[in-house]
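The values are calculated or read from the model by the stated rules, or taken from the named source; none is laboratory data. Note that this is a predicted model, so its numbers are computed, not measured. Every residue, glycine among them, receives a Cβ derived from its backbone with ideal geometry; neighbour counts consider all protein chains shown.
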């Protein structure tokens, strides 16, 4: 259920651990009680697939964890990318609002 993939970013970098999971419409993430439903609610559609990726740097000098959520609309063949500078379990409502606000300003 939690597949891990080793990703290398080039010479001189240590591999990153990546968590990846795809969520069907109407379902909720096991690691977060409301995140998927709030994303769908903000967009106004319940038929969206969500794919979450958590990327963590293993180097001591690079303690960055980023969560990316792809909001996939299969009927329009489009993807909206939401990015969070936190671990997937720690995303809060303000993070979600800021991610959507960044998309509006692009």
(message) Can you pull out every residue in the stretch 63-91 that is surrounded by 12 or more Cβ atoms within 10 Å (Cβ to Cβ) and part of a loop (DSSP other than H, G, I, E, B)?
(response) 85, 86, 87, 91
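Here's the yes/no breakdown for (1) modelled with pLDDT of 95 or more; (2) under 22 Å from residue 105 (Cβ atoms):
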residue	(1), (2)
33	no, no
37	yes, no
49	yes, no
54	no, no
57	no, no
67	no, yes
71	yes, yes
74	no, no
88	no, no
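Would you say residue 20 is part of a strand (DSSP E or B) and either at pLDDT below 85 or out of contact with any helix residue (DSSP H, G or I) (no Cβ under 6 Å at 6 or more places or on another chain) (or both)?
On the way: part of a strand (DSSP E or B): yes; either at pLDDT below 85 or out of contact with any helix residue (DSSP H, G or I) (no Cβ under 6 Å at 6 or more places or on another chain) (or both): yes.
So residue 20 passes the test.
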